[in-house]
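Since every read-out is calculated from the coordinates, none of them should be taken as a lab result. Here the structure is a predicted model, which means the values were calculated and not measured. Note that each Cβ is placed from the backbone with ideal geometry, even for glycine, and that neighbours are counted across all protein chains shown.
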Amino acid sequence: NPVNGPDTNICNQPKLLDGTPLPDKCCAPKSSSDIIDYKPPPFTKLRGRPPAHKADKEYIAKYNEALCMMRGLEDTDPRSFKQQADVHCAYCNFGYDQDGYPGVELQVHFNWLFFPFHRWYLYFYERILGKLIGDPDFAIPFWNWDHPDGMTMPAMFTSDPNSDLYDVNRSPKHQPPYGLDLEYDKANLCKPPKPYKQLVEDNLATMYRQMVSCATKPCLFFGGEYKGGEALVNQMGTIESTPHNNIHVWSGSEKNPNGEDMGNFYSAGRDPMFYALHGNVDRMWCIWKSLPGKNNRDITHPDWLNSTFLFYDENAQLVRVKVRDCLDTRMLGYVYEHVDLPWLYNKP
Ligand code: C2O
């Protein structure tokens, strides 16, 4: 059976992965109208998501304005920045039970729901921002961490503490121009950083390994099967485990107890940089499918294709989406702007 999204009648006290309860519940507000099966609205041109490090002033100002408006919505509005961040807490810190399976917690990490869940999550985040600024063509940026030019925190998120793109709960140590280590581990916190050239070479080798040598089959790339009624599965796909998890921990503040914001599921969505990190994760799904291997294709198991999630759309309507409807980003109206893939030609 597929995983049928959350049961909206149940809102658990969320907890950390080790079971420690979190103080605040984070489920989405109740909907006053019925849930609608989602159909992406028609569009006239594809939105191109740009690499964050290449964004110009005008684009940054626009994203800033959109986020300012999102932050300005009432906390109870499902489109507010607070509620958008809480989506991640509810789906990832056991705030929900699976619909139809009371007492079985829902978890979209560590399994094959990782890519489709985050694709839909970013999609609605982007639609809401576009609506708020009256620009349905607005596209969020991606943090191009697989390219040497993107291996620092993107400046648009760090350069202005008064910007709505800024977040104080980030690692003070890893501010630009400090280089991003795609295999960062907290255990290395006090070791001297690698020379930049070495860091870049190692990162490109990591990308090749996680995208090519170790991702030779859908189950390895997407992660393990997770079906309706099953308890937590722990079989991460290659990109989820490294570099995705490492970038989370590297970005969050080592001064906070749980690495907040980026270093923990429940708080990660409070940092606007989170959505850029995941833009590139999402882009890796597109790229992986475009690689020549004969197994580089989507999972065909109906339980994956028919799994569902619930999101509020840009009109604050609660909608049900299916994994099968997000496999092609062009159907959702967006693509990623083209950037070179130096890791692909960097076979270690
Ligand atoms: Cu839902 Cu980057 O994790």
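Label-to-label distance, GLN13 versus ASN295, with points set 7 angstrom from Cα along the beta-carbon direction: 4.4 nm.
Mean residue ellipticity, 222 nm, helices only, the chain: the sum of -39500 (n - 2.57) across DSSP H runs of n ≥ 4, divided by residue count and rounded to 500, is -8500 deg cm²/dmol.
Computed over the Cα atoms of the range 205-348, pair by distinct pair, the Kirkwood hydrodynamic radius stands at 17.1 angstrom.
Neighbour counts of C-beta atoms inside 10 Å place ASP298, ASP34 in the sequence ASP34, ASP298, starting with the fewest. In the range 1-110, the alpha-carbon atoms span a convex hull of 188 Å³ per residue.
For LYS39, a cut-off of 25 angstrom between C-alpha atoms picks up these lysines, skipping any fewer than 8 places away in its own chain: LYS30, LYS131, LYS227, LYS289, LYS322. Taking every alpha-carbon pair under 8 Å whose residues sit at least 6 apart, the chain reaches a relative contact order of 28 percent. Backbone amide hydrogens, once placed in the peptide plane, bring VAL3 within less than 5 Å of GLY228, SER307, THR308, excluding anything fewer than 5 places away on its chain. Annotation: extensible slack from GLU58 through ASP75 equals 3.3 nm (criterion: 0.36 nm per residue apart, minus Cα-Cα distance).
Approximating the spin labels as points 7 Å out from Cα along Cα→Cβ, the GLU65-to-CYS214 distance works out to 4.3 nm. Taking 0.36 nm per residue of sequence separation and removing the Cα-Cα distance, the LYS255/LYS45 pair yields an extension gain of 71.2 nm.
Distance from the C-alpha centroid of the range 263-333 to that of the range 1-74: 12 Å, rounded to the whole angstrom.
Derived scalar couplings between HN and Hα for the range 148-160 equal x, 6, x, 8, 9, 4, x, 4, 4, 8, 10, 6, 10 Hz in order, rounded to whole Hz, by the Karplus curve 6.51 cos²θ - 1.76 cosθ + 1.60 (θ = phi - 60°), x for Gly and Pro. Computed from the alpha carbon positions, the gyration tensor of the range 64-221 leads to an equivalent ellipsoid with semi-axes of 29, 24, 16 Å, biggest first. Label-to-label distance, ASP185 versus ASP202, with points set 7 angstrom from Cα along the beta-carbon direction: 1.1 nm.
What is the magnitude of the charge dipole of the chain about its Cα centre, with +1 placed on the Cβ of each Lys and Arg, -1 on the Cβ of each Asp and Glu, and no other charges, expressed in debye to the nearest 20?
My answer is approximately 740 debye.
Think of the range 250-343 as having a plus end and a minus end, set by charges on the Cβ of Lys, Arg, Asp and Glu; of SER290, ASN264, ASN280, SER290 sits farthest toward the positive end of this dipole.
When the chain is treated as a GNM, springs tying every alpha-carbon pair under 10 Å, which of SER171, SER251, SER32 comes out with the largest mean-square fluctuation? Fluctuation is largest for SER32. Between the listed residues PRO14, MET331, VAL212, the Cα displaced farthest toward the positive end of the dipole of the chain, a dipole computed from Cβ unit charges relative to the Cα centre, is found at VAL212.
Backbone phi angles across the range 178-187, fed through the Karplus curve with coefficients 6.51, -1.76 and 1.60 (θ = phi - 60°), yield HN-Hα couplings of 4, x, 6, 9, 5, 10, 4, 9, 4, 4 Hz in residue order; Gly and Pro are listed as x. Each listed q (0.09, 0.14, 0.15 Å⁻¹) maps to a log10 I(q)/I(0) for the chain from the Debye sum over equal C-alpha point scatterers, namely -0.45, -1.21, -1.43.
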